[in-house]
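**Student:** Please read through the structure below; I'll follow up with questions.
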Amino acid sequence: TQGEPTMGGVFAANVSGPRRIQAGAARDFLLGVRFVDGQGQVLRNGGRVMKNVTGYDLVKLMAGAHGTLGVLSEVSLKVLPTPETTATVTVRDLDLAKGIAALSAALGSPFDVTGASYDPQVRTAYVRLQGFEASVGYRAEALTKILGQLGSVEVLTDCADLWRGIRDVASLAGQPGDVWRISVKPTDAVV
């Protein structure tokens, strides 16, 4: 679709990007909401601090309800600092089976991967690392050794547009039909 997403829309649909594997789903960052229900009443639930829920947790219920329970007019969020640096380890010339193997190896490693994707059009696996510069450098080098057995490996440092395209499913934009984003174990992926 065209246009910019809104915070209310992100939480109403519980939309998460490729960073979900490390940071969690959108609903995990929702602390409190104000919304207008079907009778026009303005309701509040949750708060502005962590661990404040007593009774029914309508905040978590509102996340992913697609506006069926009410229209979100205000949200309180938990925020995290922006990572100091980001690197993307790419593994090229992989068929789908080797791409899944590369992503499984990276996600199963102790190197705190914050994003993983395979693009069958260019036969490339992408693994994102974020954090302090020294830590990212160490983890990128270690993953290069592990993933180098599967294909040609390269470490990229300026990949914001790449990950924005993965998040927005840009390769499918403007095409007819629906886009379904589902999470499955790598072993359950279509081969």
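The values are calculated or read from the model by the stated rules, or taken from the named source; none is laboratory data. Everything numeric in this text was worked out from a predicted model, so none of it was measured. Note: ideal-geometry Cβ built from the backbone for every residue, glycine included; neighbour counts use all protein chains shown. Remember, those area values only see protein heavy atoms, side chains included, never the ligands or the DNA or RNA. Shrake-Rupley method; radii C 1.70, N 1.55, O 1.52, S 1.80 Å.
**Student:** Kindly provide the set of residues from segment 160-191 that are open to solvent by less than 80 Å² (accessible area, probe 1.4 Å) and either free of Cβ contacts under 8 Å to residues at least 24 places away in the same chain or among the charged types (D, E, K, R) (or both), ordered by number.
**Tutor:** 165, 169, 170, 172, 173, 177
**Student:** Let me ask something else. Identify all residues within segment 54-76 that are touching a helix residue (DSSP H, G or I) at 6+ places or on another chain (Cβ under 7 Å) and surrounded by fewer than 13 Cβ atoms within 10 Å (Cβ to Cβ); write none if there are none.
**Tutor:** 66
**Student:** Go through segment 29-53 residue by residue and tally those that are open to solvent by less than 30 Å² (accessible area, probe 1.4 Å) and either more than 27 Å from the chain's Cα centre (by Cα) or modelled with pLDDT under 85 (or both).
**Tutor:** Residues meeting the conditions: 1.
**Student:** Looking at segment 13-28, can you tell me whether even one residue there is at pLDDT below 80 and on the phi > 0 side of the Ramachandran plot?
**Tutor:** The answer is no; no qualifying residue exists.
**Student:** Here is a follow-up. Could you tell me how many of the residues in segment 19-32 are assigned to a loop (DSSP other than H, G, I, E, B) and either touching a Ser or Thr at 6+ places or on another chain (Cβ under 6 Å) or among the β-branched types (Val, Ile, Thr) (or both)?
**Tutor:** Residues flagged as assigned to a loop (DSSP other than H, G, I, E, B) and either touching a Ser or Thr at 6+ places or on another chain (Cβ under 6 Å) or among the β-branched types (Val, Ile, Thr) (or both) within segment 19-32 amount to 2.
**Student:** Taking the condition of a type in the set (Lys, Arg), open to solvent by 60 Å² or more (accessible area, probe 1.4 Å) and more than 19 Å from the chain's Cα centre (by Cα), does residue 145 pass?
**Tutor:** yes
**Student:** Condition first: open to solvent by 80 Å² or more (accessible area, probe 1.4 Å) and in a loop (DSSP other than H, G, I, E, B). Now tell me which residues in segment 1-14 satisfy that.
**Tutor:** 1, 2, 4, 5, 6
**Student:** Working only within segment 136-159, note down all residues that are in contact (Cβ under 8 Å) with a residue 60 or more places away in the chain and among the small types (Gly, Ala, Ser).
**Tutor:** Matches in segment 136-159: 151, 152.
**Student:** Which residues, counting only those in segment 96-111, are within 19 Å of residue 167 (Cα to Cα) and open to solvent by 20 Å² or more (accessible area, probe 1.4 Å)?
**Tutor:** Of everything in segment 96-111, those that are within 19 Å of residue 167 (Cα to Cα) and open to solvent by 20 Å² or more (accessible area, probe 1.4 Å) turn out to be 100, 103, 107.
**Student:** Within segment 74-110, count every residue that is under 17 Å from residue 129 (Cα atoms) and touching a residue at least 60 places away in the same chain (Cβ under 8 Å).
**Tutor:** The number of residues fulfilling the criteria is 10.
**Student:** With (1) more than 18 Å from the chain's Cα centre (by Cα); (2) open to solvent by less than 60 Å² (accessible area, probe 1.4 Å); (3) among the charged types (D, E, K, R) as the list, and residue 93 as the residue in question, which single condition is left unmet?
**Tutor:** (2)
**Student:** Test residue 169 against the stated conditions and say whether it is modelled with pLDDT of 90 or more, of a type in the set (A, V, I, L, M, F, W, C), under 16 Å from the mean Cα position of the chain (by Cα) and closer than 16 Å to residue 20 by Cα.
**Tutor:** No.
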